[in-house]
Amino acid sequence: MRRENPEATPMMRQYLDIKARHQDAVVFFRLGDFYEMFYADAELAARELELTLTGRGSREHKMPMCGVPYHAADNYIARLINKGYKVAICEQVEDPALAKGLTKREVIKVITPGTLMDEKLIPGQAANYLAAITSADTKAETFGLAFADISTGVFKAAELHGLDNLRAEILRVDPKEIIYTAAENPAGLETLATRVEQPGLASAQKILAHFPSDTSRDFAFENSPLALQAAAAVFNYFKAAQKTELKQLTRLEFYLPQNYMYLDSASRKNLELTETIRGGSKTGSLYGLLDKTRTSMGSRLLKEWLCYPLLDQTEIESRYAAVGELLNDLVARAELNELLKDIYDIERLIGRITNGNANARDLVYLKESLRVIQSLTPVLKQFSAPLLAALQDSARQKTMQEICVLIDKAIIDEPPLLVTAGNIFRDGYNAELDELRKINR
DNA sequence: CGTTATTAAGTCGAAC
DNA sequence: GTTCGACTCAATAACG
């Protein structure tokens, strides 16, 4: 029997409830083998992703819907993120076969341009920063700025004076996403920006316990509470989006922008430091010209060095000494070149391992990279420049050796990408596994 | 009440 | 080689 105003079906009530809590994101609603989008989300996704817009429900009360199968969702999510949208992933959190009535569903993570973990979605050479801006009140001229890349674990905070300084610093950081606590976004850029509540000082201080203790850093934060509150805003935002413990964030650094050369946005642009004025491409910029780095870590570091020119004479000379020594030793340089090219993006590998979403191949890549690092030592020994000498010391040979041996003992050389594919562990690593394999044969 | 049809994009196999 | 259709799943409308 037809009703004039039928109540929403149980599933639609569940959906609307979840959607109400994620207004600013496209909700990927898991329905069996598909992620579905409804209403405005469906219209948006159909338009942006070229999906067929269809409907669900009775003919008189059909609601717009479109969807993609779960195994293909990554690509579609990536495309939405690249277009600057946020995506909330809503999964079935119980087995539908065991569920009484409707299967329970929950948003298990929110993906935004600044909270990406997925290797496929972020370009290797660039950092993927989420930045937070805090301020004391609407007319305040002092700002807290913090930014972090959850895929590499880099996490920094600073205090800035004046809107010009703030804007220049944000352009330098080049975040993919910004959160701010003022009524208006002080950055005023086209970057995706979200307003959040400013964390209280007491609650902000609690995040320091997450990181290894560092009294000089804590002292700096005591004098710059806005920087600490910005760091807390970043931390909280990550936590809400990822719904994990954020173990991959292992360091938090307080820095002083005045220790680096001030570059206003016009100078940055005109110098074409990292991108050309026309077209904004890396090719043709100073960075594009100088970037002969062999690893993703090197590429990101070079970019940082170019954006943060040193002012301190001792530091500059120390860097020159290292560069000079490398420049003069053609043979050693060639050797390093050869070795470095076999090192994978260790920062992001470790990020995935710590976060618990690494695959077996990531572990093999880590092993191979650590092996290469160990064979760097004899080459580095030829140098005397302090910066290069420090590299030998920082390489904790024993720990690296142990990790290599463990991975090598446990995992075959070319494991499958999927954990479910099996055939990951070596014979002889685990007696029980060997036994089970024998039975299976 | 129970059974069947419907709904998305991709994958696989079968037919051409 | 390419095209067509069945099938994937959960929810529910529509039918018997």
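Overview of values
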| quantity | calculated |
| --- | --- |
| Options A:Ala266, A:Ala332; residue that is out of contact with any helix residue (DSSP H, G or I) (no Cβ under 8 Å at 6 or more places or on another chain) and either more than 25 Å from A:Pro378 (Cα to Cα) or in contact (Cβ under 8 Å) with a residue 12 or more places away in the chain (or both) | A:Ala266 |
| Residues being near DNA strand B (Cβ under 7 Å from one of its atoms) and either on the phi > 0 side of the Ramachandran plot or assigned to a loop (DSSP other than H, G, I, E, B) (or both) - total across the stretch A:34-59 | 2 |
| Top-ranked residue in the stretch A:60-73 [being modelled with pLDDT under 95 and closer than 18 Å to A:Gln14 by Cβ; ranked as farthest from DNA strand B (Cβ to nearest atom)] | A:His61 |
| Total residues in the stretch A:60-77, condition in a strand (DSSP E or B), surrounded by 13 or more Cβ atoms within 10 Å (Cβ to Cβ) and either acidic (Asp, Glu) or touching a Phe, Trp or Tyr at 6+ places or on another chain (Cβ under 7 Å) (or both) | 5 |
| Filtered residues of the stretch A:417-441 (kept if aromatic (Phe, Trp, Tyr) and outside any loop (DSSP other than H, G, I, E, B)) | A:Phe425 |
| Selection count where residues are touching a helix residue (DSSP H, G or I) at 6+ places or on another chain (Cβ under 8 Å), more than 21 Å from A:Leu166 (Cβ to Cβ) and either surrounded by 15 or more Cβ atoms within 10 Å (Cβ to Cβ) or among the aliphatic types (A, V, I, L, M) (or both), scope the stretch A:193-209 | 3 |
| The lone exception for A:Ile277 - which of (1) in a loop (DSSP other than H, G, I, E, B); (2) surrounded by 14 or more Cβ atoms within 10 Å (Cβ to Cβ) it fails | (2) |
| Given (1) of a type in the set (Asp, Glu); (2) crowded, with 18+ Cβ neighbours inside 10 Å; (3) not assigned by TED's automatic domain parsing to the domain that holds A:Thr142, number of the condition A:Asp264 does not satisfy | (2) |
| Total residues in the stretch A:92-108, condition crowded, with 17+ Cβ neighbours inside 10 Å and under 23 Å from the mean Cα position of the chain (by Cα) | 1 |
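The values are calculated or read from the model by the stated rules, or taken from the named source; none is laboratory data. Quick caveat, the model's predicted, so the values are computed rather than measured. Counting neighbours? That spans all protein chains shown, and the Cβs are built from the backbone with ideal geometry, glycine included.
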